[in-house]
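Here it is, the structure in full.
The values are calculated or read from the model by the stated rules, or taken from the named source; none is laboratory data. These numbers come from a predicted model, not from an experiment. Glycine also receives a Cβ, built like all others from the backbone with ideal geometry; neighbour counts cover every protein chain displayed.
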């Protein structure tokens, strides 16, 4: 399906998640479904939690025990294919890469999109992280209802 | 007539990389580019590169350009000719140049052709209406000159260029409602496709443009589905309201100069068109004339940088410069290139090179 529409199947998505209990701590969810010659997620990880062998075409494998959910791989991934998810009671805190201006304001309510671009819920912007090492890919922390854990992927873009 | 040791045509990722190696080796280098600024495609590549650290992974093309050019720009042995077009290549490596109203010739011991590629077009009704652009042109307008090409765009083609430019259009505040692709599956990286799909771009396979609508500029596009023989299916036409049509339907290597010189070129569909026959040192069938980057077969800029280094190193060795660890460096560069071409997305390139090799 992804090869025709750009949308992974539900099964594809679920396979990238650890068991829900693991997500009491933030963990990176890597949606890199096809081999491409690329490895910055692995080389940028300070905790050696993402593994790609010498042949950089092999897909990354994450060690959820080692992953701290820091989010470095999120803005390092050239494919913007990584998010960080954490379940906190009935909420999910997600960290997403964002490359549009203006950046969202902390505290703002923004439409949250699924992998087809449909609006599924609203989320609250908790934090907007930028720094020179991020090379203009901001890391946005959003709080959403936990019902959307497996559906939410990004926020709707608004230009001003 | 001026003489220079090494003359490089094209200051894109391949040409800049070749120049770097040659300057390091001790050669005198003339770098010629028709643009007013160096960098070729890198000047408009605002996306992060793939690959590994040696391929500048995670860095944006525009940043890579700074890394490459800043390293060499003040070198005393570099002669930079910008806004200069190479109009002809003649025997004995005589290069005819045009810069503004000025015409001059340079003779070189070594020539490295890194001219890149030009964009292909697509035949359809009204494809000459203002508002029909090639994707690279759109990228230049937006990312180099800061000009928005339109407000609503139909993207044609799902290779990496089509997917990336669709994303960059959205970054510029332009709407991209639909992307059509004639083939059965998305040809670029799926991560790029997912990135625009989640922002609402409707990606459709087996679909192409039938005609552009409008009288003196694009006011819409009619798209239709294609059958297994790539023919439009009557009755499936659909009108999309757009003011711009962006064609990302592939690139052709710019081998005209090599052909003028008499270097052998072979038509290899998988590599984008006519490509020069090269030996393992990236030398063409004309001695002392090398080729690297898209002119030798359409690939990613990451590959062009590696190929440029290989050509530069070989040219330096031919000129008699003693380079430290030359063999080990060559081996590492060839391994690096092989890695970039080894995944499923490198299949076309591998097939193209296999066909080219079989004809040697």
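Suppose we filter segment B:182-197 for residues that are at the interface with another protein chain (Cβ under 7 Å from one of its Cβ atoms) and not in a helix (DSSP H, G or I); how many remain?
3
Which condition does residue A:116 not pass, out of (1) surrounded by 15 or more Cβ atoms within 10 Å (Cβ to Cβ); (2) in contact with a strand residue (DSSP E or B) (Cβ under 9 Å, 6 or more places away or on another chain), if it passes all the others?
Among (1) surrounded by 15 or more Cβ atoms within 10 Å (Cβ to Cβ); (2) in contact with a strand residue (DSSP E or B) (Cβ under 9 Å, 6 or more places away or on another chain), the lone unmet condition for residue A:116 is (2).
Take segment A:117-153 and flag every residue that is in contact (Cβ under 8 Å) with a residue 60 or more places away in the chain, touching a helix residue (DSSP H, G or I) at 6+ places or on another chain (Cβ under 8 Å) and within 11 Å of chain B (Cβ to nearest Cβ).
Across segment A:117-153, the qualifying residues are A:135, A:137.
Would you pick out the residues in segment A:53-64 that are closer than 15 Å to residue A:77 by Cβ and at the interface with chain B (Cβ under 9 Å from one of its Cβ atoms)?
Of everything in segment A:53-64, just one residue is closer than 15 Å to residue A:77 by Cβ and at the interface with chain B (Cβ under 9 Å from one of its Cβ atoms), namely A:56.
How many of the residues in segment A:34-51 are part of a loop (DSSP other than H, G, I, E, B) and surrounded by fewer than 20 Cβ atoms within 10 Å (Cβ to Cβ)?
5
Looking only at segment A:8-33, count every residue that is assigned to a loop (DSSP other than H, G, I, E, B) and over 15 Å from the mean Cα position of the chain (by Cα) and tell me the total.
Final tally of qualifying residues: 2.
Are there strands (runs of 3 or more DSSP E) fully within segment B:84-144 with at least 3 residues that are surrounded by fewer than 18 Cβ atoms within 10 Å (Cβ to Cβ) and under 22 Å from the mean Cα position of the chain (by Cα)? List them.
The strands (runs of 3 or more DSSP E) meeting that bar are B:85-90.
In segment B:305-350, what count of residues is obtained for those that are within 14 Å of another protein chain (Cβ to nearest Cβ) and closer than 15 Å to residue B:13 by Cα?
Here the count works out to 3.
Answer yes or no as to whether residue B:120 is out of contact with any helix residue (DSSP H, G or I) (no Cβ under 6 Å at 6 or more places or on another chain), at pLDDT 95 or above and either at the interface with chain A (Cβ under 10 Å from one of its Cβ atoms) or closer than 26 Å to residue A:120 by Cα (or both).
no
Could you grab me the full set of residues in segment B:14-73 that are more than 14 Å from chain A (Cβ to nearest Cβ), touching a helix residue (DSSP H, G or I) at 6+ places or on another chain (Cβ under 9 Å) and in a loop (DSSP other than H, G, I, E, B)?
B:26, B:27, B:28, B:33, B:35, B:37, B:38, B:39 - these are the residues of segment B:14-73 that are more than 14 Å from chain A (Cβ to nearest Cβ), touching a helix residue (DSSP H, G or I) at 6+ places or on another chain (Cβ under 9 Å) and in a loop (DSSP other than H, G, I, E, B).
Further question on the same structure: Do you know which residues across segment A:1-14 are away from chain B (no Cβ under 11 Å) and within 23 Å of residue B:182 (Cα to Cα)?
Within segment A:1-14, just A:9 meets the criteria.
Moving on to the next point. Of the conditions (1) more than 21 Å from residue B:160 (Cβ to Cβ); (2) within 14 Å of another protein chain (Cβ to nearest Cβ); (3) within 17 Å of the chain's Cα centre (by Cα), residue B:9 satisfies every one except a single condition; which number is it?
For residue B:9, the exception is condition (2).
Another question about this same structure. Would you call residue A:17 surrounded by fewer than 22 Cβ atoms within 10 Å (Cβ to Cβ), within 23 Å of residue B:193 (Cα to Cα), more than 8 Å from every other protein chain (Cβ to nearest Cβ) and in contact with a helix residue (DSSP H, G or I) (Cβ under 8 Å, 6 or more places away or on another chain)?
Against the criterion (surrounded by fewer than 22 Cβ atoms within 10 Å (Cβ to Cβ), within 23 Å of residue B:193 (Cα to Cα), more than 8 Å from every other protein chain (Cβ to nearest Cβ) and in contact with a helix residue (DSSP H, G or I) (Cβ under 8 Å, 6 or more places away or on another chain)), residue A:17 qualifies.
Examine segment A:79-95 for a residue that is surrounded by 19 or more Cβ atoms within 10 Å (Cβ to Cβ), away from chain B (no Cβ under 12 Å) and part of a loop (DSSP other than H, G, I, E, B), and state whether such a residue exists.
The answer is no, given that none of the residues of segment A:79-95 is surrounded by 19 or more Cβ atoms within 10 Å (Cβ to Cβ), away from chain B (no Cβ under 12 Å) and part of a loop (DSSP other than H, G, I, E, B).
Mind counting the residues in segment A:96-112 that are part of a strand (DSSP E or B) and without any contact (Cβ under 8 Å) to a residue 24 or more places away in the chain?
1
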